[in-house]
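Each value in this text was obtained by applying a stated rule to the coordinates, not by laboratory testing. The structure displayed is predicted, hence computed values, not measured ones. Neighbour counts are summed over all protein chains in view; Cβ atoms, including those assigned to glycine, are modelled from backbone coordinates with ideal geometry.
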Amino acid sequence: MYDIAAVYGSPRRQGNTATLLKHAVSGAREAGAAVDEIILRDYKISPCLEIYGCKKGGECVIKDDFQAVRDRILACRGLMIATPIFFYTVSAHLKLFMDRCQSLWVKKYWIEQTPFNQWTPVRKGLLISVGATKGKKLFDGTLLTMKYFFDVLDMKLWDSLLVRGLDLAGDVLAHPEYMDAAYAQGRAFAQSLEAEK
């Protein structure tokens, strides 16, 4: 069993976002955590078709790689997600997966009738995000999106590493301070999970 699932939401395997998440994973492992790395672009996941087959039992009726990825994430106590910014929100790979988690929302709020804002988080999430511009509101959309995504996973946002001004693959290599910060956050994240055992 893994302590942490690390989800790579970038279309680039060696991009800035992936590099930072790799450093966070290294930090978490150095702190003793078992980490399950998931590269979303490697999976075939359909968009949500909004057919509401999930109303019967909270299970998405579209059969593809979604279920396997979902189960790996739900099995962990901590989730690290990394995504670049596209039009002030998450990447398409990550958004596809998040939209399919509508089935979990249906299960939690329609089937189990959990009262809104009256549940206790049982997991924690760490967000790593990179954007090319330096706009003041660059991460506002992503942070709001992640808040509600984490809600459906019974999770709270533990912390985030948000980096502006990186665009081309490899730009982050000129900023060892960002890689050091990612490593430190991954390590601290793992330690915070261990402290709650």
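Odds and ends about this structure:
- Net lengthening on full extension, Glu196/Gln14 (0.36 nm per residue, minus Cα-Cα): 62.2 nm
- Of Gly53, Ala132, Leu153, farthest towards positive along the dipole that unit charges on Lys, Arg, Asp, Glu beta carbons give the chain: Gly53
- Estimated FRET transfer efficiency (Thr120, Lys44; beta-carbon r; R0 35 Å; 0.05): 0.50
- Extension gain, Leu168 back to Asp64 (0.36 nm per residue minus Cα-Cα distance, nm): 34.2 nm
- For region 166-178, 3J(HN,Hα) computed residue by residue from phi via the Karplus equation (6.51, -1.76, 1.60; θ = phi - 60°) reads 10, 10, 6, 3, x, 4, 5, 5, 7, 10, x, 5, 6 Hz, glycine and proline entered as x.
- Sequence-distant lysines (8 or more away, or on other chains) whose Cα lies within less than 22 Å of Lys63: Lys44, Lys55, Lys95, Lys107, Lys108
- Loop trypsin sites (Lys or Arg not before Pro), region 6-101, which have at most 12 other Cβ atoms in a 10 Å radius of their Cβ (DSSP): Arg13, Lys44, Lys63
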